[in-house]
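Visitor: Encoded as structure tokens, here's the structure I'll be asking about.
We did not get these values from a lab; they are worked out from the coordinates using the rules stated. Computed from a prediction, not measured in an experiment: that's the story for all the values here. Methodologically, a virtual Cβ is constructed for each residue, glycine included, from the backbone with ideal geometry; neighbour enumeration extends over all protein chains shown.
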Amino acid sequence: IVVIYSKGERIELTSSFRTFFVGVAKNVWFSEWRRRLRIPSHEPLEEGDAVDYMPDYDARAERKRLVLRYYNMMPENCRELLRMMAFGYSNEEIMTTMAYSSIQYTKNRKSACLKMLIRLMQKDPLFNELQMVE
């Protein structure tokens, strides 16, 4: 709604306000998404980078810190593979970028890297505490 009012000009609608509003919301969301995609992947993430401060829900922030802490401990190839997976790259794109021999090998590597991350996190005493807070 702020975006609509910030235009400062009278808007002539050719559709319903709901359709217009959804379109504006999508554009704002996609702009933010594209901005976040431009964050260089070659820079290591710091523990506080991706964590938003949410005073009413600190458990979520703690979970993010826990994942980032162990994500940064993983081998570089696993970090890159998990990053690409999180950004929605297809198995074919990951296979090509990472120079893997087949899609099945790519799937196996994704599974192995995820299991490694989970195993590392489960060893942390904070992991069980955060499991209980929902």
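Visitor: Each residue of the range 82-92 in order: what ³J(HN,Hα) in whole Hz does its phi give by Karplus 6.51 cos²θ - 1.76 cosθ + 1.60, θ = phi - 60°, with x for Gly and Pro?
Guide: Result, rounded to whole Hz: 5, 5, 5, 4, 5, 7, x, 5, 6, 4, 5.
Visitor: Starting at the first residue of the range 27-33, write each ³J(HN,Hα) from the Karplus equation 6.51 cos²θ - 1.76 cosθ + 1.60 with θ = phi - 60°, in whole Hz, x for Gly and Pro.
Guide: Per-residue couplings from phi come out as 4, 5, 5, 5, 4, 5, 4 Hz.
Visitor: Report the FRET efficiency, 1/(1 + (r/R0)^6), for F87 and N27, where r is their Cβ-Cβ distance and R0 is 30 Å, rounded to 0.05. Please list the in-between numbers first.
Guide: Values: r = 20 Å, r/R0 = 0.67.
It comes out at approximately 0.90.
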